[in-house]
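The values are calculated or read from the model by the stated rules, or taken from the named source; none is laboratory data. Keep in mind the model is a prediction, meaning the values are calculated, not measured. Note that we place each Cβ from the backbone using ideal geometry, even for glycine, and neighbour counts take in every protein chain shown. With ligands, DNA and RNA removed, areas are computed over all heavy atoms of the protein, side chains included. Shrake-Rupley method; radii C 1.70, N 1.55, O 1.52, S 1.80 Å.
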Amino acid sequence: LPAQPPAPAAPAHSPSSPSAQNAAYDSMEADWRASLQIERQLTVARKALAASLARVSSLNRDLNADERRNADNRDNADWQDARRWLRDVAARLSRYIRDYDIGFTSAAGQRNVFEATFKQFVEPRQPFDGVEQMQRDFETYRKTLQTLMHNMQSAQSAAERDGEQRAQRVLARIHARARTARTERS
């Protein structure tokens, strides 16, 4: 059987009245400007996540000889539990760094399409087919950025609370025990 030609696309409709079209352009411009502001915040958040990932990765280690010698069974079990938390938060941090770097909001995703549309059509207020859909797309892009920002902030908080602080508490307890042992030997 011969291949069927694709069905003709439905014609794109522009808002009918000039005021509706202006409102659509104003909405897209507001969403784009808000998106640019969120992108700046995301850049800062990405750097913070990378720093947290480095700290978490450096904490996820075996106990050194002095720490092993002074750790009891509870300390060893707590350290293994802390390391599980460190691995979990490291995976979460890596995920959101990757989402930022190569996700929908990056140049590898759809960001360049929005920037080009804004510069070519929205900013100069040039009419084009599909204004209503593009307006929804700009809003979705802004919301996607907001969601990513929220997720990055949550991952940062979790890394500090569930990873770093938990590991630091266990290490502090082991180090205190080591100090006590050294003082008793002196």
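Anything in region 45-80 that is over 17 Å from ALA91 (Cα atoms), assigned to a helix (DSSP H, G or I), among the charged types (D, E, K, R) and open to solvent by 40 Å² or more (accessible area, probe 1.4 Å)? List them, or say none.
The answer is ASP66, ARG68, ARG69, ARG74, ASP78.
Please note which helices (runs of 4 or more DSSP H) are completely contained in region 108-186 and include at least 2 residues that are of a type in the set (Asp, Glu).
In region 108-186, 131-158 are the helices (runs of 4 or more DSSP H) which contain 2 or more residues that are of a type in the set (Asp, Glu).
Touching a helix residue (DSSP H, G or I) at 6+ places or on another chain (Cβ under 8 Å) and either surrounded by 14 or more Cβ atoms within 10 Å (Cβ to Cβ) or on the phi < 0 side of the Ramachandran plot (or both): which single residue out of VAL122, VAL113 fits that description?
VAL122
Write out, first by first residue and then by second, each pair whose Cβ atoms fall under 7 Å of each other, whose residues are 6+ apart or on separate chains, and whose first residue, in region 16-27, is at negative phi while the second is open to solvent by less than 50 Å² (accessible area, probe 1.4 Å) and outside any helix (DSSP H, G or I).
GLN21/SER14; GLN21/PRO15; ALA24/PRO15
When region 136-177 is examined, which residues are found to be of a type in the set (S, T, N, Q) and either touching a Pro at 6+ places or on another chain (Cβ under 9 Å) or surrounded by fewer than 16 Cβ atoms within 10 Å (Cβ to Cβ) (or both)?
If the condition is that a residue be of a type in the set (S, T, N, Q) and either touching a Pro at 6+ places or on another chain (Cβ under 9 Å) or surrounded by fewer than 16 Cβ atoms within 10 Å (Cβ to Cβ) (or both), then THR140, GLN146, THR147, GLN153, SER154, SER157, GLN165, GLN168 are the ones that fit.
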